[in-house]
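Everything below concerns the one structure shown next.
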Amino acid sequence: MRPILMKGHERPLTFLKYNREGDLLFSCAKDHNPTVWFADNGERLGTYRGHNGAVWSCDISRDSTMLLTGSADQTAKLWDVQTGTPLYTFNFDSPARSVDFAVGEKLAVITTDPFMGLTSAIHIKHIATDPDDQTGESVLILKGPQGRINRAVWGPLNRTIVSAGEDAVVRIWDSETGKLLRESDKEDGHKKPITSLSKSTDGSHFLTGSLDKSAKLWDIRTLKLIKTYATERPVNAVAMSPLLNHVVLGGGQDASSVTTTDHRAGKFEAKFYDKILTEEIGGVKGHFGPINALAFNPDGKSFSSGGEDGYVRLHHFDPDYFNIKL
Amino acid sequence: MVMAAEQPSKMRWGELEEDDGEDLDFLLPPKQVVGPDANGIKKVVEYKFNEEGNKVKITTTTRTRKLAHARLSKRAVERRSWPKFGDAVHEDVGARLTMISTEEILLERPRAPGTKQDENKVSGDPLAQMGKGGAVLMLCRTCGKKGDHWTSRCPYKDLAQPSESFIDKPLPSDTTTAAAAAAGATKGAYVPPSMRGGGGANSERTGTDMRRRNDENSVRVTNLSEDTREPDLLELFRPFGAVSRVYVAIDQKSGMSRGFGFVNFVTREDAERAINKLNGYGYDSLILRVEWAAPRAN
C-alpha cells in the first residue's frame, strides 16, 4: 500500500479520530489547530482555530456536526464541524486532556491534568442540544487517581466511566454517583503509565496501551483481563480493527531518547497483532518518530497513524491484508 | 516582411502534417481498449504511422488503483462539497500538504507464515540483536555466518580451520613444482625436477614420497550427495582418527560436487575402521561407498 502523507501539523500529533461514517478524519496535535481531513484522499477540509495550546484529544458527535476538543490552554471547546466556528468554551483551572461524548451526546467527560497544586479530575459536563443554552457547570467531578488521567471514556449505557492514566491503574466509576466501582489489580494491571485506551466498536471491551511495553484487553463491565499483547516498545497508541480480529499498537522510544539511538532501534512501526492469539501479524513502517495516535476507519479498510514527526499517515489496506493467515 | 514570409511556410508545414495524418488514418485498425480487469489493469492498443511511414502498434498497459472503496452515505456526499474553512481556505497551491507516499509500504510479516514463533525472537527483533553487539558488524570469518557470533567464538572453528589447511595441502606437490617452474621461468633457466628444492641424490625418492603420502591410507568415498563439502566429510570421518586430508571433487565448470571425494588418515588402522563402519552408511539420503583408494594408474 502507498500511504497518504498529511503534513498539516507543525508539531507532534496527539490524537486521531474518524467520524461515524468514516469519511472525515480529525487530527489533534501539539500545535493549536485541530484539523479535519477527507479520509479517502487525505485532502484538508479545514482547521479549527481558537485554541491557545496543545490539543490533546477530540471527539466527534454521531451526526458529525459537533466537535469537542480538549487543550492544554485549560479549555475544552465545542465546534461546529462544518464551518470551524467555536460554539462554546469550557474553562478549567488546569489543562484538559481527554474528551469523550456519551452515547446520545447529552453528556461529555473531560479530564483535567494535575496542575499548580490541583489534582487531576474527571468532569462530566452536560451538553445542550442548542449551543446557546450551553453552560459550563459540571454534573459531576471525580477525583482520586494520582497523576495524570490520560484517557476517560464512557462505559455501556453511559452508566460507567472508564479511566486510565499515569498511575497505571484502570478504574471504572459509576457515572451517576461518582463511586469507584472497580480497579485493575497489581498482578493483572499495567506496570507503568497507561498512555492510551480504545474501546471496541460494540463497546464490550477495551484495549489499553502502556509504557510497560504491553497492551491489555479488558472486559468493560467486569474489568477482567482478557488478553495481553507483549511488544518491545513503549506503547503510545492502540486501536482495534472493527472488521478483523486485529489490534494495532503504535509507539516507539520516548521522543527524548530518539536522537541517542539508531533509527532502526526506535521501533516506530505500527504493529499488528492477532486479537485472539496475541501473536504478531506484521508491522507497518514509515514514521520518523514514535507513533502517538492511531485510529481505524469504521469500515476497517484503512487506518491512520500520527507520529511525533508531525505527519499523519493514512493507509488504505491492500486487498491481501484481508486474508492474511498467521 | 519576415513575419509574412514565416507565416505561410509554417502554415503549410502544419497543414501538410495534418493532411498526411488524415489521409492515412483510416487505413489503420481501430483503437482497442481491453479491461480494466479485476486487478485494474487496462490495455489500450493503438496503431500509428511513425516518421518513416511504417505502421506501428502501440500497446499501453495502465493500472488504475482505487484508493478507497467507500460507499459514501448521503450525508458524507454532502460533506464532500463543504467549503473549506480555517487555514484550509488560503492554502497555497504549492503547499502540498497531502502527498501520496512514493514508497510502497508493506505490512511486514515478522516471519514466514506457518513458522514457529521462536524463530521470530531471533530474526524479528533487531533491538535484541543490537544488544548482542553490533549485529551488522558481527561476521564470522570462519563460517561466514552473519550476526551470530564473532570469529573467535565460532562453533565450527576447529572444524573449518583444518579442512581449509588440508585443502591447501594436497596441492603443494603440484604447486611447488609449478612455483619452482615459475621461479625458474623468471630466472630464465630451466631447472630439471631432480635439481629442484635443493634436490640432489634423493630427489627422485622425495617425488615418489609425495605420491606415496597422498595415496597412503587414502580412502575413497563415492556416492556423496551434491551438497556434501569438505567440512562435512571431515565431520563424518574425524571420529575414526586423525585425518590429514579431505578432498571433495568439484566440477570446475558448474561448481557442483562430482559426488566423490578422498579422505586420508594418519594411520592405516583408523582408515580401516572408517571403511568398515562407513561403507554402506546412509548419508544425506544416499548410501556411501567407502573403500581404499586405488593407487593412480601411472
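Report, as an integer, the average count of C-beta atoms from other chains found within 10 Å of each Cβ along A:280-292.
Details: counts 6, 5, 6, 7, 4, 5, 3, 0, 0, 0, 0, 0, 0.
For peptide A:280-292, the averaged partner shielding equals 3.
Please compute the average number of Cβ atoms from other chains found within 10 Å of each residue's Cβ in peptide A:303-315. Kindly include the intermediate steps, with their values, before the conclusion.
Numbers: counts 0, 0, 0, 0, 0, 0, 0, 0, 1, 2, 2, 5, 3.
Rounded to a whole number, the mean comes out at 1.
Just in the stretch A:297-326: which trypsin sites (Lys or Arg not before Pro) are loop by DSSP and have at most 16 other Cβ atoms within 10 Å?
Working: sites: A:LYS301, A:ARG313, A:LYS325; in loops: A:LYS301, A:LYS325.
When the trypsin sites (Lys or Arg not before Pro) of the stretch A:297-326 are filtered for loop state and at most 16 Cβ neighbours within 10 Å, A:LYS325 remain.
What's the ranking of B:223-234, A:30-41 by average number of surrounding C-beta atoms within 10 Å, highest first?
Details: B:223-234: 17.3, A:30-41: 23.2.
Per-residue mean Cβ counts within 10 Å order the peptides as A:30-41, B:223-234.
B:LYS48 accessible area, nearest 10 Å², 1.4 Å probe?
Roll a 1.4 Å probe over it and B:LYS48 shows about 120 Å².
Using r as the Cβ-Cβ distance of B:LEU72 and B:VAL33, and R0 as 25 Å, what FRET efficiency do you calculate, to the nearest 0.05?
Numbers: r = 28 Å, r/R0 = 1.12.
That pair, B:LEU72 with B:VAL33, gives E of 0.35.
Charges at C-beta only: +1 for Lys and Arg, -1 for Asp and Glu. How large is the resulting dipole of the stretch A:140-249 about its Cα centre, in Debye rounded to 20?
Values: 17 positive and 12 negative charges, 19 e Å.
The calculation lands at about 100 debye.
So, for chain A, what is the accessible surface per residue at a probe of 1.4 Å, expressed in square angstrom? Walk me through the intermediate numbers first.
Details: 12510 Å² over 326 residues.
The answer is 38 Å² per residue.
Classify the stretch A:1-91 from the C-alpha gyration tensor, please: rounded if a/c falls under 1.5, else prolate or oblate depending on whether a/b exceeds b/c. Intermediate values should be presented prior to the final figure.
On the way: a/c = 2.04, a/b = 1.31, b/c = 1.56.
Because a/c hits 1.5 or more and a/b fails to exceed b/c, the stretch A:1-91 counts as oblate.
Give the long-range amide H neighbours of B:LEU288: residues separated by 5 or more places, or on another chain, with amide H under 5 Å away, using H modelled in the peptide plane at 1.01 Å from N.
Counting only residues 5 or more places away or on other chains, the set is B:GLY280, B:TYR281, B:GLY282, B:TYR283.
Would you work out what percent of the accessible area of the stretch B:221-271, with all protein chains in place, is carbon or sulfur (probe 1.4 Å)?
Working: 1250 of 2550 Å².
Whole-percent figure for carbon plus sulfur exposure: 49.
Let me know the charge dipole size of the stretch A:1-59 about its Cα centre in debye, to the nearest 20, where only the beta-carbon of Lys, Arg (+1) and Asp, Glu (-1) is charged.
Values: 8 positive and 7 negative charges, 41 e Å.
It comes to approximately 200 debye.
Could you tell me what a quarter of the Cα convex hull surface of the stretch A:118-268 works out to, in nm² with one decimal place? Could you put the intermediate results ahead of the total?
Working: hull surface 45.4 nm².
Its Cα hull, projected and averaged over all orientations, spans 11.4 nm².
For a test of the definition: using alpha carbon positions, the gyration tensor, and the 1.5 limit on a/c, classify chain A as rounded, prolate or oblate.
Numbers: a/c = 1.45, a/b = 1.18, b/c = 1.23.
It is rounded, given that a/c, with a ≥ b ≥ c, falls under 1.5.
Using a 1.4 angstrom probe and counting only protein chains, how large is the accessible area of A:LEU225 in Å², to 10?
We get 40 Å² for A:LEU225.
Could you run the Debye sum over the Cα atoms of the stretch A:70-129, one equal point scatterer each and no solvent, and tell me log10 of I(q)/I(0) at q = 0.27, 0.29 Å⁻¹, two decimals?
Evaluating at q = 0.27, 0.29 Å⁻¹ gives log10 I(q)/I(0) of -1.15, -1.24.
How big is the A-B contact in terms of buried accessible area, both chains counted, 1.4 Å probe, rounded to the nearest 100 Å²?
On the way: alone 14530 and 23820 Å², together 34070 Å².
Interface between A and B: roughly 4300 Å².
For B:THR98, enumerate residues with amide H under 5 Å from its amide H, sequence gap 5+ or separate chain, H modeled in the peptide plane.
A:LYS7
Looking only at other chains, what is the average number of their beta-carbon atoms within 10 angstrom of each beta-carbon in A:42-52?
Details: counts 5, 6, 8, 8, 8, 6, 3, 3, 1, 0, 0.
That works out to 4 on average.
Please give the charge dipole size of the stretch A:93-170, origin at the Cα centre, charges +1 on K and R Cβ atoms and -1 on D and E Cβ atoms. Round to the nearest 20 debye. Spell out each step's value before the answer.
Values: 7 positive and 10 negative charges, 68 e Å.
The dipole of the stretch A:93-170 has a size of about 320 debye.
Taking the simple approach of a point 7 Å from Cα along Cα-to-Cβ for both A:ARG49 and B:LYS55, what is their distance in nm?
So the two model labels end up 6.4 nm from each other.
Compute the Cα gyration tensor for the stretch B:225-275, then decide on rounded, prolate or oblate, letting a ≥ b ≥ c be the square roots of its eigenvalues: rounded whenever a/c is under 1.5, prolate when a/b is larger than b/c in the other cases, and oblate in all that remain. If you can, show how the numbers build up before the last one.
Values: a/c = 2.83, a/b = 2.45, b/c = 1.16.
Verdict is prolate for the stretch B:225-275.
Do the alpha carbons of any pairs in A:LYS199/A:LYS325; A:LYS213/A:LYS325; A:LYS186/A:LYS271; A:LYS285/A:LYS325; A:LYS143/A:LYS275; A:LYS17/A:LYS106 sit beyond 28 Å of each other, and which pairs? Walk me through the intermediate numbers first.
On the way: A:LYS199/A:LYS325 25 Å; A:LYS213/A:LYS325 25 Å; A:LYS186/A:LYS271 26 Å; A:LYS285/A:LYS325 20 Å; A:LYS143/A:LYS275 33 Å; A:LYS17/A:LYS106 20 Å.
Table pairs above 28 Å Cα-Cα are A:LYS143/A:LYS275.
Mind jotting down the three principal axis lengths of the stretch A:49-173 based on Cα atoms? Whole angstrom, largest first.
Between the extreme Cα coordinates on each principal axis of the stretch A:49-173 lie 39, 34, 21 Å.
Along the charge dipole of chain A, Cβ charges K/R +1 and D/E -1, which of A:ALA102, A:TYR88, A:VAL162 sits furthest on the positive end?
Final value for the positive-end residue is A:VAL162.
Which net charge results for the neighbourhood of A:PHE101, defined as the other residues with beta-carbon distances under 13 angstrom from its beta-carbon, given Lys and Arg at +1 and Asp and Glu at -1?
Working: positive: A:LYS17, A:ARG20, A:ARG62, A:LYS106, A:LYS125, A:LYS199; negative: A:ASP59, A:ASP63, A:ASP100, A:GLU105.
Neighbourhood net charge equals +2.
The values are calculated or read from the model by the stated rules, or taken from the named source; none is laboratory data. Just so we're clear, the structure is a prediction, and the values are computed from it rather than from any experiment. Neighbour counts run over all protein chains shown; Cβ positions are idealised from the backbone, glycine included. What goes into the accessible areas is simple: the full protein's heavy atoms, side chains included, and nothing from ligands, DNA or RNA. Shrake-Rupley method; radii C 1.70, N 1.55, O 1.52, S 1.80 Å.
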